[in-house]
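A short worksheet on the structure shown next.
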Amino acid sequence: MGKDECKTMLDALNKVTACYRHLVIALGSTSDSQNLREELKRTRKKAQELAVANRTKLTSLLKDKSISKDDRAEYERLWVLFSSSMELLEVDMKRSLEIGQDFPLKVPTRHLIQTGMTGSTTTVAARAMSVQNMKYEADSNIDTADLRDLQCEISQVSQMMEEMEMKVQVAPWAVEAKQEAGAELKSNMSVGNSSVGVISICEEEPKEEDGGGNRDAGFASICAVLVFFVIVTVAVVLGYLVINMS
Amino acid sequence: MTIRNTLRDHGQRYRPRMACLKKVEKLLLEMQDPKTGVKSQPQRLVITTIPHAITGEDIIAWLADRFQVDTQEARNFVSMLVALGYIYPLQDHRRLVIKPDASLYRFQTPYFWPTQQWPVEDTDYAIYLAKRNIRKRGILELHEQEHYNRLHKWMNHKWDFVVMQAKEQYRAAKERKKPDRVVFECQERAYWVVHRPPPGTVSAMDYGLDRLTDPNADEVTGESLCDLLVKYCSTYKSHDPFLSNCLPSNPWLTDDATYWSLNMPSVEIPTKMRVERWTFSFAELLSDPRGRDDFRLFLKKEFSGENLAFWEGCEDLKWGEAATMREKAEHIYKTFLARGAPRWINIDGKTMEVTVKGLKHPHRYVLDPAQTHIYMLMKKDSYGRYQKSPVFKDTVKKAICPEEHRYSDAQLQQNAKKRRPSLSPIILRQMEQEQRAKMAANVDITQVMSKLSKQGKEAHVFSSGRDQKQS
């Protein structure tokens, strides 16, 4: 059905927007590299494709006069989601142009900001492109060549957004969100791919901030110690039994 | 539509330029140099080690060395860097101060640098709070909770987007390695401490009032504001009594009132400077009473004096008393606009229609469209011809250029003793009114006759209820 299709496409666009933002945040820092520029380029292109697809689908759905009121409200909600995504994407693209121009890669004395991030962003880009591994095949002057493409794409996106504003008469403030406050907590989001304790320990510098964090850290370490002792006891008992057997 | 960033912001909320930002960015790049920049050391956490941490004392020392200033000055400077958000503290992240000891700081990534062009959006803040909510499992700080509730209320239509985007950004962040993830969280948190400071702290990003014009926008094509200003200054420079000598002498300086008597509103022979001013623009010519007289003389010769008379009548209506407004409007209509009027003015059909309709319920500005039309007509047509006419050339020839007074000190003292007040404004106004009455009585008959003959040839159609009152 139209709605589900729309929703999946919007989810995809949302995912790519989020990943693009992560990539742009890494621009200019020590995790910036040739690969990052290429990742940015490909993510951007994917975002644009998704945007165009979304837009055509949504405009055709909204232009249809024969839909019910509920349907229309739903489509307007999806439209607001789409336009907010596009706004974020546009701002990020413009910023990436600015930062990309300020931090060229192929200069003899390049000073990237030492932010402490040194890892690569391959996994983020792979998530955006929905592939397992990224293959890098760009030329070495991607940092300057890409900027021109980026400028064109920015103007395309701006144009698209202006057209959207003109053609589709949706009042964004009239849309009611389906999620209430705190909805993000209700989903089955695992807080980390490791246990709670490890994350709290890693946040060591904000030690004074969380009494809760501290408590958690203490609790987790006690747990770990207990488990360790239990295992050691079991091993000793088994060893004793084995020795007794033989 | 939704309010977006300043580039499409029609609400004219423009942030003033913070010139220091670009300069700080240059300095920051210098600090990154591996040889001559600030020394960095790794920060050891329990499991991970994160590089590129700098100590407070190192930064201050580097800056003092770079600019050759003393430590206190360097410390003030670095505290500004921290307050703006270019460097953030790793311990005690809520207080953006620089501690001149071994406490650790780190550089902020360029995306999170403060910029003049990109305002800090509430949408981003909402997404950040939602992400923090996820991470802290619902336990936000008090001010963050308040912000969250407020944003949820007024940004409700976007809330689905906020939640979706927060979840996606959270998942995307998890894709990175552990040290990078920690760094990213610290960066984002520092960014929001700068731009949404906790209560009781002062933000360095307070810039006062917004501007009315966008400092980033390209100037209007053609003449920019600067060009116009330069042109104005160069034109009027020699006419400004502050910037150049006024002839014969500045009455305020020499107590000699010749300058004023030579430049009276209805003087016979104007000064050269005055006549020169009439050539600068049509508005100058009209605003000077002597210039207007000259122009009136010229128009009389051309038989198009009714334009100026109409314009003056409109001005009178606009600035006159409310009690006499209705009669004035009627008089103007009868004299200039009605069919068969003695001094009929030539305006286009649409304007005439609008004006006549408005005259049914006259108010101060009812004749504005017609007045503008006539003004532009005079400006484009008559003004040019006036400047080439014998009337004007005559005036220019006759204009006087008084000699500059050279008073000795003794004479200046004499002048000071002889100071007298000038004519009372009441008397001046009476003189003005007498003159106006004289002019109204002296409407040129030849003009009227020629107009009447023209009317027969033209066909003008407009409806007016007032026509019934006309003969």
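Stokes-Einstein diffusion for chain B at 20 °C, viscosity 1.002 mPa s, with a Kirkwood radius from C-alpha pairs, works out to 70 µm²/s.
What does a probe at A:Q156 reach in region A:65-100, counting residues whose amide N is under 15 Å from the point 7 Å along Cα→Cβ? The answer is A:90, A:93-94, whose backbone nitrogens lie closer than 15 Å to the label point. Taking the DSSP bridge list for the protein assembly as shown and keeping only pairs wholly inside it, about 80 percent are antiparallel. To the nearest 10 degrees, how steeply does helix A:2-25 sit against the main Cα axis of chain A, on a 0 to 90 scale? Orientation of helix A:2-25: about 70 degrees from the principal axis.
Basic side chains Lys and Arg get +1 at the Cβ, acidic Asp and Glu get -1 at the Cβ, and with that the dipole of region A:33-158 about its Cα centre reaches some 180 debye. Across the options A:V168, B:Y386, B:I127, the greatest Cα extent toward the positive end of the charge dipole of the protein assembly as shown (unit charges at beta carbon of Lys, Arg, Asp, Glu) belongs to B:Y386. The residues neighbouring B:P34, those whose beta-carbon lies less than 15 Å from its own, together hold a net charge of 0 under the Lys/Arg +1, Asp/Glu -1 convention.
With kT/(6 pi eta Rh) evaluated at 10 °C and eta = 1.306 mPa s, and Rh the Kirkwood radius from Cα pairs, the protein assembly as shown diffuses with a coefficient of 48 µm²/s according to Stokes-Einstein.
Return the inverse of the average 1/r over all pairs of distinct C-alpha atoms in chain A, which is the Kirkwood hydrodynamic radius, in Å to one decimal. Intermediate results must be reported in sequence, preceding the final value.
Working: mean 1/r = 0.0452 Å⁻¹.
Roughly 22.1 Å, rounded to one decimal.
So which of B:K300/B:K418; B:K357/B:K393; B:K318/B:K397; B:K301/B:K334 end up more than 31 Å apart, counting from Cα to Cα?
Details: B:K300/B:K418 43 Å; B:K357/B:K393 42 Å; B:K318/B:K397 36 Å; B:K301/B:K334 24 Å.
B:K300/B:K418; B:K357/B:K393; B:K318/B:K397, as the Cα separations exceed 31 Å there.
For chain A, the longest principal axis of the C-alpha atoms and the axis of helix A:211-245 are separated by about 50°. Note on region A:84-135: with charges restricted to the Cβ of Lys and Arg (+1) and Asp and Glu (-1), its dipole about the Cα centre is near 300 debye. When the listed pairs A:K3/A:K178; A:K41/A:K167; B:K39/B:K177; A:K41/B:K178; A:K7/B:K158; A:K94/B:K177 are checked against a 18 Å cut-off, the alpha-carbon distance exceeds it for A:K41/A:K167; B:K39/B:K177; A:K41/B:K178; A:K94/B:K177.
Computed with every protein chain present, the accessible area of B:C226 is close to 90 Å² [probe 1.4 Å]. Farthest towards the positive end of the charge dipole of the protein assembly as shown, among the residues B:F303, B:A370, B:Y232, is the Cα of B:F303, using unit charges on the Cβ of Lys, Arg, Asp and Glu.
In the assembled protein chains, B:Y375 presents an accessible area of approximately 50 Å² (probe radius 1.4 Å). Report the calculated FRET efficiency for B:Y407 and B:V267 (r = Cβ-Cβ distance, R0 = 25 Å), to the nearest 0.05. In this case the efficiency is close to 0.60.
Please give the calculated 222 nm ellipticity per residue for the protein assembly as shown, where each DSSP H segment of at least 4 residues contributes -39500 (n - 2.57) and the sum is spread over every residue; nearest 500 deg cm²/dmol? Display every interim value, and only then the final one.
Values: 30 runs with 413 residues, N = 717.
Mean residue ellipticity at 222 nm (helix-derived): -18500 deg cm²/dmol.
About its Cα centre, what dipole magnitude does the protein assembly as shown give when the only charges are +1 on Lys and Arg Cβ and -1 on Asp and Glu Cβ, stated in debye to the nearest 20?
Values: 104 positive and 96 negative charges, 356 e Å.
Using Cβ point charges on Lys, Arg, Asp and Glu, the protein assembly as shown gives about 1720 debye.
Taking the charge dipole of region A:1-126 about its Cα centre, with +1 at Lys and Arg Cβ atoms and -1 at Asp and Glu Cβ atoms, the residue from A:A125, A:S33, A:V80 reaching farthest to the positive side is A:S33.
The values are calculated or read from the model by the stated rules, or taken from the named source; none is laboratory data. Bear in mind the structure is a predicted one, so any value in this text is a computation, not a measurement. When we count neighbours, we look across all protein chains shown, and the Cβ atoms used for this are built from the backbone with ideal geometry, even at glycine. Heavy atoms of the whole protein, side chains included, go into the accessibility calculation; ligands, DNA and RNA do not. Shrake-Rupley method; radii C 1.70, N 1.55, O 1.52, S 1.80 Å.
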